[in-house]
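The values are calculated or read from the model by the stated rules, or taken from the named source; none is laboratory data. Remember, it's a predicted structure, so these values are computed and weren't measured experimentally. All Cβ positions, even for glycine, are placed from backbone atoms using ideal geometry, and neighbour counts span all protein chains on display.
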Amino acid sequence: MVQYLPVTRLTNGTYLLGQMTLPSIFRSLKTRALSCAAVAAMPLFLGGWGNWNWLTGPQSTFDTKGPVAESQLDVFYVTLWVTGITFVIVAGILAYATFKFRARKTDDLKAVIPHQGHGNPLIELGLIGLSVLALVFIAVPTLRAIWYTYDVPAEEKASAYEVNAIGLQWWFKFEYPAEQIDGAGTLVTGNELVIPAGRPVRINLRTSDVIHSFWVPKLAGKVDMIPNRGNHLWLKADEPGYFWGQCAEYCGESHAVMRFRVIALNETDFAAWVAHQKTPARTVAPYSVLNGAPAAPYEFNNPGRNAPGYSADFDKAPFAAWQAKQEIDAGEDPALIAQGRQIFQQKTCTSCHAVRGHEGAGVTAPDLTHIGSRTTIAAGLLENTKQNLHRWIAHPNEVKPGNKMYVGVPLQSGVMAGYVKIDPATGKPEETPHITVSDAEARALVAYLHSLK
Ligand code: HEC
Ligand SMILES: [Cu+2]
């Protein structure tokens, strides 16, 4: 008696594929050589060439610069190997069976189904055992990494440095509890976190509104900042350097551009940085001549929404850029700076921003005491150049969707008016803006803010 294969039509299709397409591919020696070369080049592609941007780019988790990120990468590799090998074995057997037992002739379509075996305890138990083994192989290093990354190891606790990171829509506030300033409380910075290199840093994660997440891909991450819950993480930068950070939990309109920077300094530089940060804002007397003649006015054309915020070369040497930013700018215009300081007060910028030692006392927005020494503004969205600062101050609504400087900061008692006042009845901005900044005013404000080193 002849048994027919159940799905002749399908088999027919497979037959055609098997007969015409695949064998002709595999017969071609040239193609075979090419495939071999492609497979051989895989390791180069995946890791050998260090300058592949997607492996070493600013937010790459493959280019680790500290032990926490490294242990997380190790777990990734263990998992990748175990699942990769499993895939190759399973897919290999499948491919082998598919080719070996394919229908070759029309006669094969009428072939008798061979004896179908069911239940082979040896194979079944063997496969269960192998799967368990594979999972254990992944679980052991994973659990060790979870334990290790949870908190600073006991033997390093004594040398740990502690900071608080607070997420706000859409920027980061950093507090340094170890650095107390006479009469002004804890040292605070906005959007750039400076840490000592080579020392573990414990970061307490808080939020002042919705859930955010703290992530510095090359150093550690990610851990959520959750309302009413005290989370923490730790990280260590092996060497001094400049690292990109990013909010990694959707938190509203400008989540994608809620970024920050981590700058790791050696012990001496870090101590000098802290000492300088504790000093009040730099005051430039209106009639002093500092670094020669004032520079010529810069060109400004509003580049509009979605224009890039960084010069093409910035990513090549950001750490050097940061160091250069610590120096006083050449060609400062003391009269313009003094004018800018006045405008800063008149425009009520002071109600949201603090400039320690000057008029500003607000706490709902980034601290601007040393804003001139920062590489970025608007939570890492723009490079801190004159043009970009001008762009942000004059047209914040075109830079960052929904930003609270433009629409106002929500407070328990209402809203601190921003550039526009929101009518509580309609939720729409009132007709007359609350703050407008002309081109001339923006130039004075830029001169003032950039003098704050
Ligand atoms: C309603 C409160 C409010 C007012 C008023 C306000 N700002 Fe802001 N400002 C903010 C907030 C909030 C941010 C952070 C926005 C973001 O990145 O999402 C900010 C960001 C900034 C930044 C970038 C800071 C950083 O760390 O990246 C600068 C510079 C700045 N403001 C300058 C000004 C100037 C100049 C004025 C006055 C013309 C002003 N602000 C008025 C709330 C305010
Ligand atoms: Cu966020």
Residues of the stretch 218-241 being touching a residue at least 40 places away in the same chain (Cβ under 8 Å) and assigned to a loop (DSSP other than H, G, I, E, B), in sequence order, are K218, L219, K236, A237, D238, E239, P240
Selection from the stretch 242-257 of residues part of a loop (DSSP other than H, G, I, E, B) and either under 9 Å from the mean Cα position of the chain (by Cα) or more than 7 Å from ligand 2 (Cβ to nearest atom) (or both) yields A248, Y250, G252, E253, S254
For the stretch 419-435, the count of residues that are part of a loop (DSSP other than H, G, I, E, B), more than 9 Å from ligand 1 (Cβ to nearest atom) and not acidic (D, E) equals 9
Taking the stretch 181-212 and keeping only residues that are more than 21 Å from A365 (Cβ to Cβ) and buried (at least 20 other Cβ atoms within 10 Å of the Cβ), one is left with I195, P196, A197, P200, V201, I203
Over the stretch 436-447, the set of residues without any contact (Cβ under 8 Å) to a residue 60 or more places away in the chain and in a loop (DSSP other than H, G, I, E, B) is T436, S438
The residue that is farthest from ligand 2 (Cβ to nearest atom), considering only those in the stretch 146-177 that are among the small types (G, A, S) and more than 21 Å from V223 (Cβ to Cβ), is A158
Among helices (runs of 4 or more DSSP H) entirely inside the stretch 352-416, those with 1 or more residues being within 16 Å of ligand 2 (Cβ to nearest atom), under 22 Å from the mean Cα position of the chain (by Cα) and surrounded by 17 or more Cβ atoms within 10 Å (Cβ to Cβ) are 404-407
Residue pairs within 9 Å by beta carbon, gap of at least six or interchain, first lying in the stretch 67-92 and in the same structural domain as T56 (by TED's automatic domain parsing), second exposed (fewer than 13 other Cβ atoms within 10 Å of the Cβ) and among the small types (G, A, S), listed first then second, are T86/S131
Within the stretch 113-135, of all residues that are among the aliphatic types (A, V, I, L, M) and surrounded by fewer than 10 Cβ atoms within 10 Å (Cβ to Cβ), the one farthest from D74 (Cα to Cα) is I113
